[in-house]
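Right, one structure below, let's go through it.
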Amino acid sequence: ERVSFHRVDLTAPRADAAVAEILESERAFQGMMDSLPQDVDACHHHDLAFHRSIFAACGNSILQRFYYAISALLLTLFRASTQARESYENSLAEHGAVAMAIRRRQPEEAEKSMHKLLAGTVRDLEPAFTPRRPARGGKS
């Protein structure tokens, strides 16, 4: 099953918890913006909090466990990127589009924006995993 923004449960008693998580995603996004360019590591942590809060807002314990399973890997990937600051500066608009769609309760737009964000993450992290060519003469 895919992550669906249609499934954010805004019915009582989950409504207060879901709204709190949505507000947390907005605080995390603001933290990302405030961290750059001087503190990329803080931006990493705000990025993880942004995604954790979205998973939590869905109210699905399996999705929440999935987030915790991949969060350490994500943090490692973020840190592995040699262009982390530039990657974050490029992706702030993508994160902002997700946050705005959630705030406006536009699940289709949120899902579309999240797909763009994930594609951008792959784009930005790909250089960290591209094998480097040895220098001329076979020396690296």
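A few notes on this one:
- Some residue of the stretch 125-140 being buried (at least 16 other Cβ atoms within 10 Å of the Cβ), part of a helix (DSSP H, G or I) and without any contact (Cβ under 8 Å) to a residue 40 or more places away in the chain: no
- Residue list for the stretch 20-35, restricted to those being free of Cβ contacts under 8 Å to residues at least 40 places away in the same chain and open to solvent by 30 Å² or more (accessible area, probe 1.4 Å): 20, 21, 23, 24, 27, 30, 34
- Filtering 42, 56 for residues that are in contact with a Gly (Cβ under 9 Å, 6 or more places away or on another chain), over 17 Å from residue 124 (Cα atoms) and not charged (D, E, K, R) leaves a single hit, 42.
- As a summary of the residue check, residue 83 satisfies the conditions (1) at pLDDT 75 or above; (2) open to solvent by 60 Å² or more (accessible area, probe 1.4 Å) except for the one numbered (1).
The values are calculated or read from the model by the stated rules, or taken from the named source; none is laboratory data. These figures come from a predicted structure and were not determined experimentally. So basically every Cβ, Gly included, is an ideal-geometry build from the backbone, and we count neighbours across all protein chains shown. Side chains included, ligands, DNA and RNA excluded: accessible areas come from the protein's heavy atoms. Shrake-Rupley method; radii C 1.70, N 1.55, O 1.52, S 1.80 Å.
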